[in-house]
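Undergrad: One structure coming up, written as C-alpha cells, with questions to follow.
The values are calculated or read from the model by the stated rules, or taken from the named source; none is laboratory data. Please read all numbers here as calculations on a predicted model, not as lab measurements. Here Cβ is always computed from backbone atoms with ideal geometry, including for glycine, and neighbour counts include all displayed protein chains.
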Amino acid sequence: MIPKTVNSLRRQLTRFATGALLMFGMVSIVTVYWSAQHEANEILDAQLVQVANTLLSIASAGDIAHYATHLAPGPQRNSIPFVFEIWRRSATDWQRLAASPRHPGFGVPLTPGYSEREADGRRWRLYTLEQRPSGYRVVVAQKQSARARMARETSLVLLLPTLL
C-alpha cells in the first residue's frame, strides 16, 4: 500500500507539470501569433515598395495615362487591394497626374517612406517614393483592415497544428 503522502506528492507533481506544460503552450501560441502577424506586415510593406517602384518606373517612362487605365481592374484581383497616386512637382506645387479609379486621394503627397493616414473613413498604410531628378512622387496604400485580416488569417493557419 502507498502512503497518502506519496500519493499526494505524485498528484502535486502531476498538477505542476500539467500547469507548466499548459503555460508553455499558451506562451508558444501567443508568440507564434504575434510573430506571424509581424511577418505578414513586413511582406505587405515589401509589396507596397515593389508596386511603388514599378509605378515610378512607368511614370518616369512617360506612360502614365495608358497604365493608369489598365491598372483600374488590378486591385480587385489582388488579395490585398491597393490604391495609388502619381504626382509630379511643378515649378510651384504638386500636380496629381494619375490615381486609382474611385479613389478620392490622400491630399498633397506625403514625405517619402512609410506612414499611416485616415482617408475616406478608413485607416490606410502608405508608402511614398520620390524620384528627385524627375520630380515624380508615387503613393501606394493598402487598407489597414485588409492587412490586419490577412495577418490574422496567416497567424491562425500557422497556429492550427499547434491547437490540434
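Undergrad: Here is a list: Ser134, Ser115. Which entry is assigned to a strand (DSSP E or B), surrounded by fewer than 16 Cβ atoms within 10 Å (Cβ to Cβ) and either touching a Gly at 6+ places or on another chain (Cβ under 8 Å) or small (Gly, Ala, Ser) (or both)?
TA: Of the residues listed, the single one that is assigned to a strand (DSSP E or B), surrounded by fewer than 16 Cβ atoms within 10 Å (Cβ to Cβ) and either touching a Gly at 6+ places or on another chain (Cβ under 8 Å) or small (Gly, Ala, Ser) (or both) is Ser115.
Undergrad: Assess whether Tyr136 counts as being aromatic (Phe, Trp, Tyr) and closer than 21 Å to Ala61 by Cα.
TA: yes
Undergrad: If you take the residues in the stretch 83-93 that are surrounded by 15 or more Cβ atoms within 10 Å (Cβ to Cβ) and of a type in the set (A, V, I, L, M, F, W, C), which one is nearest to the chain's Cα centre (by Cα)?
TA: Ranking the qualifying residues of the stretch 83-93, first place goes to Val83.
Undergrad: Does Ser28 qualify as being under 15 Å from the mean Cα position of the chain (by Cα), modelled with pLDDT under 85 and either of a type outside the set (A, V, I, L, M, F, W, C) or surrounded by 11 or more Cβ atoms within 10 Å (Cβ to Cβ) (or both)? Reasoning before the result, please.
TA: On the way: under 15 Å from the mean Cα position of the chain (by Cα): no; modelled with pLDDT under 85: yes; either of a type outside the set (A, V, I, L, M, F, W, C) or surrounded by 11 or more Cβ atoms within 10 Å (Cβ to Cβ) (or both): yes.
Answer is no for this residue.
Undergrad: Tally time: how many residues in the stretch 92-112 are in a loop (DSSP other than H, G, I, E, B) and of a type outside the set (Ser, Thr, Tyr)?
TA: Going through the stretch 92-112 one residue at a time, the tally reaches 12.
Undergrad: Given (1) over 29 Å from Val30 (Cα atoms); (2) in contact with a helix residue (DSSP H, G or I) (Cβ under 6 Å, 6 or more places away or on another chain); (3) in contact (Cβ under 8 Å) with a residue 40 or more places away in the chain, identify the lone condition not met by Arg88.
TA: In the conditions (1) over 29 Å from Val30 (Cα atoms); (2) in contact with a helix residue (DSSP H, G or I) (Cβ under 6 Å, 6 or more places away or on another chain); (3) in contact (Cβ under 8 Å) with a residue 40 or more places away in the chain, Arg88 misses (2) alone.
Undergrad: Sticking with this one: Hey, any hits in the stretch 106-122 for a residue that's of a type in the set (Val, Ile, Thr), under 17 Å from Ala52 (Cα atoms), modelled with pLDDT of 80 or more and over 18 Å from the mean Cα position of the chain (by Cα)?
TA: yes
Undergrad: It is to be established whether one or more residues within the stretch 138-160 are of a type outside the set (A, V, I, L, M, F, W, C) and over 28 Å from Glu39 (Cα atoms). Spell out the reasoning first.
TA: Residues of the stretch 138-160 that are of a type outside the set (A, V, I, L, M, F, W, C), as a first pass: 142-145, 147, 149, 152-155.
Pick out the ones that are also over 28 Å from Glu39 (Cα atoms) and you get none.
No, the stretch 138-160 contains no residue that is of a type outside the set (A, V, I, L, M, F, W, C) and over 28 Å from Glu39 (Cα atoms).
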